[in-house]
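Q: Encoded as structure tokens, here's the structure I'll be asking about.
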Amino acid sequence: MKKSLKEILAPMSKAEKMKYIWHYYRFHMLGALLLIIIVAVSVNSINNKKDTLMNVMIVGELINTEKVSEIKQSLNEELLSKAEQDSAEISVQEITYSLNDMNPQMQAGLQKMAAELSAGYVDILLVEKSFFDDMNKDGQLLDLQDLYGNQPLPIGEEHKYFAEDNGVITGINVTAIKQFEEVIFDENIVMCVPANTKNEEFITRYLQYVFKK
């Protein structure tokens, strides 16, 4: 009859018991420890995950990725209060591509853009003008003047783009936005706001901030 673990350990010294248990059960113990670590890390990650108050997406060929990180930091520090920063953040992400060299990574980036746009996860979009033109119809973009507030947008008419159906301001050329001077090296990029955004309050806060700099 097979002995129980208690019976096997009974005649052993404390050191012998530890050696026996480690020899026969070390893989079980390591597995359990690994599971505990994974659960702890997952719980900590969930607890520390911040809500996204606004998502800025920059899509283009000539983007200074280092400066994008600086913009994200400055937006979070200057647009959000200390209390907001504890539980939420502003996301700034860049998607680079080249029409002359569309590799799998670039294709994945554009697919991500399309998916996030469809889901309403993009609040501020900076994109090449031909793509902007495709979106600038059928009410796909919001009126930037309405989002900005009662005062006129402080930019020249030559930097504004208008909706074909109702004439509202739906786009602003990136050259009119000082914040992106050292970030985007393509004068054919337009900033716009998709109509399915869920964060108009913070978009207004952003527009008022960026055009006062």
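Q: Pick from 183, 193, 174: which is in contact with a strand residue (DSSP E or B) (Cβ under 7 Å, 6 or more places away or on another chain), at pLDDT 95 or above and closer than 24 Å to residue 68 by Cβ?
A: Values: 183 fails: at pLDDT 95 or above; 174 fails: at pLDDT 95 or above.
From the options 183, 193, 174, the qualifying one is 193.
Q: Let me ask another. Filter segment 133-156 down to the residues that are of a type in the set (D, E, K, R) and at pLDDT 90 or above, then identify the one that is surrounded by the most Cβ atoms within 10 Å (Cβ to Cβ). So that I can check it myself, show each step before the final result.
A: Narrowing segment 133-156 to residues of a type in the set (D, E, K, R): 133-134, 137-138, 143, 146.
From what is left, the residues that are at pLDDT 90 or above are 133, 143, 146.
Numbers: 133: 13, 143: 16, 146: 13.
Looking at residues that are of a type in the set (D, E, K, R) and at pLDDT 90 or above, I get 143.
Q: Any idea how many residues of segment 157-188 are aliphatic (A, V, I, L, M) and exposed (fewer than 13 other Cβ atoms within 10 Å of the Cβ)?
A: Start the filter on segment 157-188 by keeping residues that are aliphatic (A, V, I, L, M), which leaves 163, 168-169, 172, 174, 176-177, 183-184.
In the following step, the residues that additionally are exposed (fewer than 13 other Cβ atoms within 10 Å of the Cβ) were identified as none.
Total meeting the criteria: 0.
Q: Related question: Could you tell me whether any residue of segment 166-177 is farther than 19 Å from residue 75 by Cβ and hydrophobic (A, V, I, L, M, F, W, C)? Quick ask: steps written out before the conclusion?
A: Step one: of segment 166-177, the residues farther than 19 Å from residue 75 by Cβ are 166-171, 173, 175.
Still in the list and also hydrophobic (A, V, I, L, M, F, W, C): 168-169.
Yes: segment 166-177 contains one or more residues that are farther than 19 Å from residue 75 by Cβ and hydrophobic (A, V, I, L, M, F, W, C).
Q: Considering each of 124, 169 in turn, give the residue that is within 24 Å of residue 64 (Cα to Cα) and touching a helix residue (DSSP H, G or I) at 6+ places or on another chain (Cβ under 7 Å).
A: Numbers: 169 fails: within 24 Å of residue 64 (Cα to Cα).
Going through 124, 169 in turn, just one is within 24 Å of residue 64 (Cα to Cα) and touching a helix residue (DSSP H, G or I) at 6+ places or on another chain (Cβ under 7 Å): 124.
Q: Here are 118, 130: which of them is loosely packed, with under 15 Cβ neighbours inside 10 Å, of a type in the set (Gly, Ala, Ser), modelled with pLDDT of 85 or more and within 18 Å of residue 62 (Cα to Cα)? Lay out the reasoning, then the answer.
A: On the way: 118 fails: within 18 Å of residue 62 (Cα to Cα).
After ruling out the rest, the residue left standing is 130.
Q: Still on this model: Would you mind stating whether residue 142 is closer than 20 Å to residue 178 by Cβ and within 21 Å of the chain's Cα centre (by Cα)?
A: On the way: closer than 20 Å to residue 178 by Cβ: no; within 21 Å of the chain's Cα centre (by Cα): yes.
In short, no.
The values are calculated or read from the model by the stated rules, or taken from the named source; none is laboratory data. What you are looking at is a predicted structure, and each value in this text was computed from that prediction instead of being measured. Neighbour counts run over all protein chains shown; Cβ positions are idealised from the backbone, glycine included.
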